[in-house]
Amino acid sequence: MRYQISGKQIDIGSALQQHVQDDLGAAVAKYAERPTDANVVFSKSGHEFICEATVHLSTGLTASAKAHANEIYAAFDNCSEKMEKQLRRYKRRLKDHHKERAEPVELSGGASYILASEHQDEDSEPETLQPMIIAEMEAKIPSLSVGEAVMQMELAGSSVLVFRNEGKNGLNVVYRRDDGNIGWIDPTS
């Protein structure tokens, strides 16, 4: 597994890097087959250290965790525990579905845009109905089953995921509702 361990405006020593590689490698190897790479970023906010970890698996799934503590090692250990717990849950879920993905997830390209938010008075009218685009990026749209899409959304810790439905070959959306349940949008063709 390839590791990218970095710090935002803090130095990361070789002892911490070795600790991250040993601990995260053992946690991920226990529950995930063929992890490809891991990205671990340390930062400091006030008196607390923050650790954010993302692990990419060869199946196309991505697991991420974030934790904070007063000590940098404790922040990483909390983050590693969260990552291990996520992977343990999803390995159990995969076993329960009796489905092993033999092929990696197919990804197709798409565009992702960041739009400017309008900070206006409630009484004033916007100048135009066209939003201002701040940034344009490339996005990857995975081909997954609905169950795998929900799992990917939860692993990534996001509230929405756009995916290509393997069963119908159309674009679908899964999202977390305000009541905590998962919503699924499957447009009719």
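Taken together, the values in this text are just the output of simple stated rules run on the coordinates, not laboratory data. Bear in mind the structure is a predicted one, so any value in this text is a computation, not a measurement. No Cβ is skipped: glycine too gets one built from the backbone with ideal geometry, and neighbour counts run over all protein chains shown.
The peptide list 19-29, 178-188, put in order of mean Cβ contacts within 10 Å with the highest first, becomes 19-29, 178-188.
In this structure the amide hydrogen of Asp37, modeled in the peptide plane, comes within under 5 Å of the amide hydrogens of Arg2, His56, none closer than 5 places in sequence on its chain.
Beta-bridge orientation, segment 2-96: approximately 75 percent antiparallel, per DSSP, counting only bridges with both partners inside. Peptide packing for 151-158, 8-15, 59-66, 70-77 was compared via the average number of neighbouring C-beta atoms within 10 Å per residue; ordered from the highest value, the list is 59-66, 151-158, 70-77, 8-15.
For each pair in Lys44/Lys66; Lys30/Lys66; Lys8/Lys140, compute the distance between the two Cα atoms and list the pairs where it is over 24 Å. Those over the limit are Lys8/Lys140.
Here's how it looks for Ile5: its modeled amide H is under 5 Å from those of Val40, which are all 5 or more places away or on a different chain. Placing one equal scatterer on every Cα of segment 2-96 and applying the Debye formula, the log10 ratio I(q)/I(0) at q = 0.10, 0.12, 0.16 Å⁻¹ is -0.25, -0.35, -0.61.
If you take the beta carbon distance between Glu48 and Glu138 as r and set R0 to 30 Å, what does 1/(1 + (r/R0)^6) give as a FRET efficiency, to the nearest 0.05? FRET efficiency, Glu48 to Glu138: 0.35.
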